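Read the structure below first, then the notes.
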Amino acid sequence: MLAAEDPRTAVTALFDLIAGDLRLDVYFNYLLQDDGLVLASSRGLSEEMAAQGACLQLGSAVCGMVAASRAPHHARDVQASDDPQLAFIRQAGLDCYACTPMVVGDRLLGTLGFGRRWAPCFSNEELQFLRTVTHYVAMAYERLRTEAALRESERRLNAVLDNASVAIILMDERQHCAYMNAAAERLTGYSFAETRGRPLHDVVHHTRPDGSPFPIEECAIDRAFPENNNQQGEEVFVHKDGSFYPVAFTASPIRDDASRTVGTIIEVRDISQQKRTEEARELLMREVDHRARNALAVVQSVLQLTSSEDVGAYKETVLGRVSALARAQGSLAAQGWEGGSLRDVLVDELETLARSGQYELSGPDVTLAPGQVQPIGMLVHELATNAAKYGGLSTAAGKVSVSWEAQDGRLTLVWRESGGPPVVEPTRRGFGSRLIANLARQLGGEVEKQWRPEGVVATLRLG
């Protein structure tokens with residue numbers, strides 16, 4: 001009975017085994033279900049009688065009364081009795097019937113009863129034996145119920161662990177791997193079969209990124225067990241393929257009912273993307289700080305060096321140059337401070353000063369480095385401002401063409417004006433000319449200006 005996989009068939013086999021010696025004709029095995037009893041198995045009943053007694057309410061008939069009171073009952077001289085509680089077993093032709101509740105601890109499982117036809121009542125020794133048999137039947141049912149509940153609990157736990165995004169590893173009292181979930185297998189590259197019975201440190205934490213050995217006594221994860229307290233922090237693991245990756249971990253001791261440490265549960269999360277994000281954020285902050293300082297320095301220079309005959313003209317010139325700086329900053333920000341398109345920078349500046357159809361652009365797609373966007377934007381703004389005041393953009397028939405080519409890391413940009421007033425080379429260099437030259441030097445290149453009668457030509461060479 002204690003090893004039975006199906007108590008119903010085991011009870012039938014037991015009945016067949018003891019029926020001859022105890023002169024048994026019938027047995028009923030009821031199980032508790034909801035608020036009533038259901039006939040689980042029987043022997044010695046006709047199909048009609050089995051169907052009639054398939055369900056009982058607690059307190060009705062002998063088995064229902066035994067279940068409700070949780071006390072055994074021995075019915076004698078059944079055929080001579082008119083007790084309504086004995087009606088069913090009287091119809092079954094029984095003369096005596098012994099029914100015992102199946103109880104394990106405080107849990108009622110059902111009842112088990114045995115009956116005789118044309119035979120004397122059960123002796124005290126026989127009743128004790130049948131009650132002992134019932135006790136073992138109840139234990140068999142409870143064992144299977146507990147095992148089924150445990151299997152269901154394990155199934156649910158495994159479903160939760162295997163679908164968890166965080167890697168979970170259990171270590172036993174020897175600090176050997178006793179469990180890994182699917183996330184841990186994906187994280188480490190090792191299957192549980194490859195790590196079972198091995199110290200986690202020896203598998204994924206044995207070497208530092210520089211290749212030097214990592215002593216286990218310095219391992220914070222391993223210390224959770226001997227020190228009997230939680231450990232958490234960041235470490236670097238070694239993947240099965242030999243690569244290194246940063247992780248965040250929490251290692252907590254597992255304690256038994258006596259508060260003895262019997263293992264460790266370790267939660268591990270890959271933080272490679274988090275580290276990359278943090279590094280990119282720091283780099284971006286430094287870049288933004290650098291660009292902001294440069295922008296402020298340019299604004300300061302513009303304010304100090306811009307000269308004009310009246311306040312209105314001064315304000316217009318300064319505003320134009322600061323706006324050009326702002327457009328360059330905006331272009332950089334739109335690209336995540338990773339650079340910008342040369343064509344976009346040219347369009348942004350020319351559209352603020354040129355009328356529709358007054359400029360032409362020709363050249364391949366060129367991506368400017370972050371440090372080139374602002375100076376080139378300012379430089380083009382100065383050229384366009386001069387053209388709008390004195391050159392190709394100052395008349396309705398005038399125009400500007402910008403062409404460029406990039407080869408072997410060198411960029412050459414040519415600015416040509418035409419259709420404007422005749423050009424005369426100025427006798428002195430203003431702040432705009434000096435600013436253009438300074439911006440070219442900032443870019444690591446040079447600018448050459450030719451004052452041709454038909455229009456200014458400026459050539460910027462970088463690299």
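None of the figures in this text is laboratory data; all of them are computed from the coordinates on show. Here the structure is a predicted model, which is why all the values come from computation and not from measurement. Cβ placement follows ideal geometry from the backbone for every residue including glycine, while neighbour counts extend to all protein chains displayed.
Between GLU279 and ALA396, the simple spin-label model (points 7 angstrom out along Cα→Cβ) gives 6.0 nm. Modelled this way, with points 7 Å down the Cα-to-C-beta line, the labels at GLU194 and GLU448 are 6.3 nm from one another. A Förster radius of 22 Å combined with the Cβ-Cβ distance from ASP256 to ALA159 puts the calculated FRET efficiency at roughly 0.30. Give me the angle, in degrees from 0 to 90, between the Cα long axis of helix 7-22 and the longest principal axis of the Cα atoms of the chain, rounded to the nearest 10. Taking Cα atoms only, the helix is inclined about 10 degrees. For the pair GLN33 and GLU5, the difference between a 0.36 nm per residue extended length and the Cα-Cα distance amounts to 8.1 nm. Dipole orientation for the stretch 167-270: of the candidates ASN181, PRO199, ILE216, ASN181 has the Cα lying most toward the positive pole (charges on Cβ; Lys, Arg +1; Asp, Glu -1).
Here the Kirkwood formula, the inverse mean of 1/r across different C-alpha pairs, assigns the stretch 33-159 a hydrodynamic radius of 15.8 Å.
Stokes-Einstein diffusion coefficient for the chain at 25 °C in a medium of 0.890 mPa s, Rh from the Kirkwood formula over Cα pairs: what value in µm²/s?
Estimated via Stokes-Einstein, D reaches 77 µm²/s.
Scaled against 2.2 N^0.38 Å for its residue count N, the alpha carbon radius of gyration of the stretch 130-170 is 1.87. Among the listed pairs LYS315/LYS399; LYS389/LYS449; LYS240/LYS275, a Cα-Cα separation exceeding 19 Å is found for LYS315/LYS399; LYS240/LYS275.
Calculate the FRET efficiency for ILE265 and GLU338 from the Cβ-Cβ distance with a Förster distance of 51 Å, rounded to the nearest 0.05.
Efficiency, from the Cβ-Cβ distance: 0.75.
Taken along the Cα-to-beta-carbon direction at a fixed 7 Å, the label points for ARG131 and ASP365 span 9.2 nm. Rounded to the nearest 10 degrees, the angle from helix 272-305 to the longest Cα principal axis of the chain is 20 degrees.
For the chain, leaving out every one of the trypsin sites (Lys or Arg not before Pro) that falls in a DSSP loop and has at most 15 other Cβ atoms within 10 Å, the longest unbroken run is 77-173. May I ask for the angle, rounded to the nearest 10°, between helix 342-353 and the longest principal axis of the chain, with both axes built from Cα atoms and the value confined to 0 to 90°? Roughly 60 degrees between the two axes.
In plain terms, the chain from ARG151 to ILE18 could stretch by 44.5 nm, reckoned as 0.36 nm per residue minus the Cα-Cα distance. In this Cβ point-charge picture (+1 for Lys and Arg, -1 for Asp and Glu), the chain has a dipole of about 1540 debye about its Cα centre.
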